[in-house]
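Heads up: the structure comes next, in structure tokens.
Just so it is clear, none of the values below were taken in a lab; they were calculated from the coordinates. If you're wondering where the values come from, they're calculated on a predicted model, not measured in any experiment. Methodologically, a virtual Cβ is constructed for each residue, glycine included, from the backbone with ideal geometry; neighbour enumeration extends over all protein chains shown.
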Amino acid sequence: MGRFVLVVLDSFGVGAMNDVEKVRPRDIGSNTAGHIIETNSSIKIPILEKLGLMNALGYEIGDHEFSKEANYGTSNLAHYGADSFLGHQEIMGTQPRKPLIQPFNQKIDEVENNLIKHGYDVRRVGVPGTQILVVNECATVGDNLETDYGQVYNVSACLDLIDFDSLVALGHVVREVVQVSRVITFGGEQITLADLLAARKVKNDEIAGVDAPESGVYDHGYQVIHLGYGIDKTVQTPTIMDEAGLTVSFLGKIADIIQTSSNRLFPGVDTDYLFDTLIDEVKNIKNGFIALNIQETDLAGHAEDVERYSDRLEVSDRWLKELIPLLDKEDILLVMADHGDDPTVGHSNHTREKVPLLVYSKGVTGKLIGERNTLADVGATVADYFQVTLPQNGTSFLNKIF
């Protein structure tokens, strides 16, 4: 037993799942990794390719070739849709409940009434059918515009006007009466309510919310909590490890969306900062689970920006080159994704794709992980590696590595 290092390249899928024709027809033909490499054939990601990216993709593209030494597989998504929050809950060994798909205006009356019941001042902005709520003149409630429409609501706030603990309490009041997958509750400093309202947008004549990047909420003093639907942390691998007294370290988005009692939490978005912190954690931890999410790939996918996506992959690849020599024989590195976000598919939302499972362990080569039915197999493998109780869902593939 040593270190199990998980790196999630957020949204880096390797091809549409077989069910998209029935459940998500707009994702037909999506292939995030394949289309990025085809569009930008000069991309330099030698470590990812050595780990087996092209093997997981299933075909070669020009000079981007299969790796003979790779330990690799792929995984389907068991959760409904293609969602970062549910994807990460699944990775940690959960079988997420199916949330409802409800544009915010279908629930606006109930949310408004619950907020008023709890003593908040509430007003509506917009025309009926595409309204958002303004709460205490410091926060807005509406649809999330970056993920699948109708699955996520945002509570966005000015942290110069409300402290984060009070904002979280507001978020819980919204969460009480909705059944969508997430209520993302977040705020930033140096912004005003006018900034939030200036970024209000309406999509498809039914989705209404604040464009978070445009509002500036991410720019200064950003804080966030993801309030999920139907998630039981007690049956997830991190909590099981916490209770066993084992080290858990989370970096990036994982630190915001997976619950753990660990104090080794490093939220953030910048890829260089997160990988640099990961290197420090690997140097400081001899035995433990270290998990990192690289979110800037996902943000580039939402922006439909192949060049930016390619750049973030190249940066990640260079850091992986620095990381690998620090790992000992008993350590495992697993590089994967949580869904797709194909910047070439014609829309800016997540895509329902299989994800790569790229495994490195010193001296181990040519191992096939196969095509897994659920991301929860990763959580089960982590638990198996540390010899703790298995999580709620998933089948370990540790025996396919060693």
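Give me a comma-separated list of calculated 3J(HN,Hα) values for the stretch 158-172, in order, Karplus coefficients 6.51, -1.76, 1.60 applied at θ = phi - 60°, integers in Hz, x for any Gly or Pro.
Couplings: 9, 6, 7, 10, 8, 7, 5, 4, 5, 5, 4, 4, 4, x, 5 Hz.
List, in order, the whole-Hz ³J(HN,Hα) value for each residue of the stretch 370-377 obtained from phi through the Karplus relation with A = 6.51, B = -1.76, C = 1.60 and θ = phi - 60°; use x for Gly and Pro.
Calculated HN-Hα couplings, in order: x, 9, 8, 7, 8, 4, 4, 4 Hz.
Any idea what Rg and Dmax come out to for the stretch 350-390 if you just take the C-alpha atoms, in Å?
12.4, 36
Give me D for the chain in µm² s⁻¹, whole number, from Stokes-Einstein with Rh from the Kirkwood sum over alpha-carbon pairs, 10 °C and 1.306 mPa s.
Working: Rh = 21.4 Å.
The calculation lands on 74 µm²/s.
Give me the tail of P(r) for the stretch 104-228 as a percent: Cα-Cα pairs with distance above 21 Å.
Value for the stretch 104-228 (Cα pairs over 21 Å): 27 percent.
May I ask you to compute the full-extension gain from Ile116 to Glu176, defined as 0.36 nm times their residue separation minus their alpha-carbon distance, rounded to one decimal in nm?
On the way: separation 60, 0.36 × 60 = 21.60 nm, distance 1.33 nm.
Full-extension gain reported as 20.3 nm.
As a test, work out the antiparallel percent of DSSP beta bridges whose residues both lie in the chain, rounded to the nearest 5. Let's see the in-between values first.
Details: 34 of 64 bridges.
That works out to approximately 55 percent antiparallel.
Apply 1/(1 + (r/R0)^6) to the Cβ-Cβ distance of Leu368 and Ile225, taking R0 = 45 Å, and write down the FRET efficiency to the nearest 0.05.
Step by step, r from the Cβ atoms, then E = 0.70.
Give, in nm to one decimal, the length gained when the segment between Gln190 and Asp160 is fully stretched (0.36 nm per residue of separation minus the Cα-Cα distance).
Details: separation 30, 0.36 × 30 = 10.80 nm, distance 0.68 nm.
Net length gain for the segment: 10.1 nm.
Defining a contact as two alpha carbons under 8 Å apart and six or more residues distant in sequence, what relative contact order in percent does the chain show?
After rounding, I find 30 percent.
Hey, what number do you get for the chain at 222 nm if only DSSP H runs of n ≥ 4 count, each worth -39500 (n - 2.57), divided across all residues, to the nearest 500?
-8500 deg cm²/dmol
How far apart, in nm, are the 7 Å Cα→Cβ label points at Ser41 and Lys286?
Distance between label points: 5.0 nm.
Check which residues have an amide H placed less than 5 Å from Arg200's amide H, if you skip close sequence neighbours.
Sorted by chain and number, the residues that satisfy this are Asp211.
Within 10 Å of each candidate Cβ there may be at most 10 other Cβ atoms; applying that plus a DSSP loop requirement, which trypsin sites (Lys or Arg not before Pro) in the stretch 306-346 survive?
Working: sites: Arg308, Arg312, Arg318, Lys321, Lys329; in loops: Lys329.
Answer by residue number: Lys329.
Show the residues, 5+ positions off or on another chain, whose built amide H is closer than 5 Å to the amide H of Val345.
none
Could you go through the stretch 211-228 in sequence order and give the Karplus-derived ³J(HN,Hα) for each residue, using 6.51 cos²θ - 1.76 cosθ + 1.60 with θ = phi - 60°, rounded to whole Hz, and x for Gly and Pro?
Each residue of the stretch 211-228 in turn: 6, 4, x, 5, 5, x, 5, 7, 7, 9, x, 5, 9, 8, 9, 9, 9, x Hz.
5 Å is the cut-off here: which amide hydrogens, built 1.01 Å from N in the peptide plane, fall below it relative to Gly221, excluding neighbours closer than 5 in sequence?
It is Glu189, by chain and number.
So, in nm, how far is label Asp63 from label Ile279 when the simple model puts each one 7 Å beyond its Cα toward the Cβ?
Result: 2.5 nm between the two label points.
Quick one: length gained pulling Lys329 to Arg264 fully straight, 0.36 nm per residue minus the C-alpha distance?
21.0 nm
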